[in-house]
Every structure is written in C-alpha cells, then in structure tokens.
1. So, in segment 224-258, exactly how many residues are in a helix (DSSP H, G or I) and closer than 15 Å to P170 by Cα?
2. From the set of residues in segment 176-210 that are closer than 18 Å to T45 by Cα, not hydrophobic (A, V, I, L, M, F, W, C) and not in a helix (DSSP H, G or I), which is nearest to the chain's Cα centre (by Cα)?
3. Could you list, in sequence order, the residues of segment 179-235 that are in contact with a helix residue (DSSP H, G or I) (Cβ under 6 Å, 6 or more places away or on another chain), within 20 Å of L149 (Cα to Cα) and among the small types (G, A, S)?
4. So if I check each of R210, R163, which one is of a type outside the set (A, V, I, L, M, F, W, C), within 25 Å of P245 (Cβ to Cβ) and open to solvent by 70 Å² or more (accessible area, probe 1.4 Å)?
5. Could you say whether any residue in segment 170-178 is within 23 Å of M1 (Cα to Cα), open to solvent by 10 Å² or more (accessible area, probe 1.4 Å) and in contact with a strand residue (DSSP E or B) (Cβ under 8 Å, 6 or more places away or on another chain)?
6. Let me spell it out: the conditions are (1) on the phi > 0 side of the Ramachandran plot; (2) surrounded by 17 or more Cβ atoms within 10 Å (Cβ to Cβ), and G234 meets all of them except one. Which number is the exception?
7. Quick one: in segment 47-73, which of the residues that are in a loop (DSSP other than H, G, I, E, B) and open to solvent by 20 Å² or more (accessible area, probe 1.4 Å) is nearest to S206 (Cα to Cα)?
8. Taking the conditions exactly as written (free of Cβ contacts under 8 Å to residues at least 24 places away in the same chain and open to solvent by 20 Å² or more (accessible area, probe 1.4 Å)), does S87 satisfy them or not?
Amino acid sequence: MGVLNVTPDSFSDGGLYAERDAAVGHGEALFEAGADIVDVGGESTRPGGLALDAETEIRRVVPIIDELRRRGPGFLSIDTTKAAVASAALDAGADFVNDISGFAFDPGLARLVARRGVPAVLMHLRGDFLSMHRDPSYADVMTEVIAELGQAVGRAESAGVPRAQVIVDPGIGFSKAAPHSLEVIRRLSELAVLDQPVLAGPSRKSFIGRVLDLPVGERLMGTAAAVVDCVLGGAHIVRVHDVAPMTQVERMCDAIRG
C-alpha cells in the first residue's frame with residue numbers, strides 16, 4: 001500500500017502533493033513502482049495536527065480518486081474517519097476504507113461500510129483526534145492492542161460489517177511511544193489470534209527517528225528493517241511511502257518465508 005497524502009501538513013510529505021496534478025502523478029508513480037493499493041488521505045494525523053471538516057477533506061481527496069480511477073491503475077483506499085468523506089470517495093471510485101479510529105470516531109462510517117459492502121481497515125487508537133498522541137501508557141501493549149482491536153471488530157459486526165471485510169492495523173506510531181511501537185512490531189505475530197488480515201504501517205515513523213536519531217527524510221533503511229520484521233511477523237499489507245525499495249524488501253521476505 002502506497003501512501004498518497006494530499007495535505008499541506010502531513011508529518012512526512014505534507015504539501016508535496018497538495019495540488020491535483022502532482023497528486024495524480026504521484027499516485028500513478030506509486031502504482032508503477034509496485035503498489036497494489038494507493039491510500040489517499042486528505043487530513044493529517046501527525047502529532048499536533050488539527051481536525052479537518054468533512055467538506056474540506058472531500059475537496060482534497062475526491063478529485064484525486066476520481067482521476068486515478070479513470071486512469072484505472074489499481075486499488076484505491078480512502079484514509080478517513082468520516083462517513084461523509086468515505087461516501088464521496090467511494091462514489092468517486094475508491095475500493096475500500098482505511099479508518100485510523102477503528103470505527104470509533106464516526107458511528108456512521110461502520111454503517112456506510114456495511115451498506116456499500118466494501119472492505120475496511122480498522123486501526124488501533126486511543127483517545128480522540130487531539131489526544132491520541134499524548135502520554136501513552138500500557139501494562140502490556142500487545143495484549144491491550146489485541147483486546148481493543150477485538151472491540152473494533154465487534155463494532156464492525158454490530159453495524160453489519162462481515163468479519164470477512166475487516167483488516168486490522170495495530171497502529172504503529174499512534175497512541176504509542178517508541179518502545180511500544182517496537183514491541184508491537186516484535187510481537188506482531190500475536191495478532192493472528194484475531195484471525196483477520198493484518199496491515200502494518202511503520203514507514204518513516206518517529207520510533208525509527210528515536211532509534212537512529214535521523215530526521216523523517218532519512219529513515220529509508222530504518223523503515224526497511226521494520227518492514228522486514230512486519231512481513232516476517234505475518235503482515236499481509238504494509239503501508240509505505242517508498243514503494244519501489246519496499247516492494248523489493250517484501251518480495252525477499254516472501255521468498256525467505258517460502
């Protein structure tokens with residue numbers, strides 16, 4: 001899964017693809033580099049980011065999804081927590097929904113996914129939009145992540161979303177300090193108890209910067225190391241910025257796994 005942020009303020013590439021032509025061009029480049037899915041997001045979830053109204057988010061993402069769908073290169077997901085945004089994106093040609101809140105922020109999003117019959121990624125997160133990065137605390141991070149992802153799957157089922165449409169994401173870098181993110185990656189195989197496909201998103205995250213003391217633009221090799229462990233730990237999808245090198249990493253991991 002390649003990352004396409006059409007925002008002015010995302011932590012890694014904010015502003016690079018805020019204009020339509022640049023965004024569409026980058027989306028096509030991600031597919032050409034080997035992405036199976038391009039994940040389009042119009043709201044930054046970086047620490048200190050501000051919540052965005054649905055209308056602005058729709059204006060950012062819908063033209064990009066519409067144009068990429070007309071060009072037809074591959075699967076598209078909409079990275080949003082809002083039912084209104086997801087509905088507009090699905091109408092424009094998105095194939096599924098990626099919700100960092102795990103259907104916690106907007107109850108209407110789960111009902112929309114059920115009605116439309118599309119897959120959804122449900123990520124682990126604690127707190128609301130403003131508090132999700134503040135002072136995370138766990139007694140046993142992976143046990144708690146698994147339990148809370150189980151609750152997210154329960155919210156999906158209660159809204160009528162079949163389990164077969166649900167992908168789970170442990171939320172590396174969200175509501176977690178660097179040691180928590182490292183432990184989640186180290187214990188990723190434990191997510192198998194949920195019996196759902198797993199998405200992992202370690203790309204360029206701050207835990208890599210903490211370990212290597214590198215700025216966001218110099219975290220390629222740290223990302224590669226994290227992707228290796230995620231794939232060998234059972235991730236079915238890895239969400240990355242640098243698709244071409246990470247596709248090589250993923251192919252080697254698959255070969256090693258046999």
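1. Of the residues in segment 224-258, the ones in a helix (DSSP H, G or I) are 224-232, 243-257.
From the residues that got through so far, the ones that are closer than 15 Å to P170 by Cα too are 226-227, 229-231.
Within segment 224-258, residues that are in a helix (DSSP H, G or I) and closer than 15 Å to P170 by Cα number 5.
2. Keep residues of segment 176-210 that are closer than 18 Å to T45 by Cα, which gives 176-178, 181, 199-209.
Next, only the ones that are not hydrophobic (A, V, I, L, M, F, W, C) stay: 176, 181, 201-206, 209.
Still in the list and also not in a helix (DSSP H, G or I): 176, 201-205.
Working: K176: 15, G201: 6, P202: 9, S203: 10, R204: 13, K205: 12 Å.
So the residue we want is G201.
3. S181, A200, G233, G234
4. Numbers: R163 fails: within 25 Å of P245 (Cβ to Cβ).
When all the criteria are applied, what remains is R210.
5. yes
6. Among (1) on the phi > 0 side of the Ramachandran plot; (2) surrounded by 17 or more Cβ atoms within 10 Å (Cβ to Cβ), the lone unmet condition for G234 is (2).
7. Going residue by residue through segment 47-73, those that are in a loop (DSSP other than H, G, I, E, B) are 47-53, 72-73.
With the extra rule that they be open to solvent by 20 Å² or more (accessible area, probe 1.4 Å), the set shrinks to 47-48, 50-53, 72-73.
Values: P47: 10, G48: 14, L50: 19, A51: 21, L52: 23, D53: 26, G72: 34, P73: 31 Å.
That would be P47.
8. On the way: free of Cβ contacts under 8 Å to residues at least 24 places away in the same chain: no; open to solvent by 20 Å² or more (accessible area, probe 1.4 Å): yes.
No: the conditions fail for S87.
The values are calculated or read from the model by the stated rules, or taken from the named source; none is laboratory data. Given the structure is predicted, the values throughout are model-derived calculations rather than measurements. Every residue, glycine as well, gets a Cβ built from its backbone with ideal geometry; the counts of neighbours run over all protein chains shown. Surface areas here come from the heavy atoms of the whole protein model, side chains and all, with no ligands, DNA or RNA. Shrake-Rupley method; radii C 1.70, N 1.55, O 1.52, S 1.80 Å.
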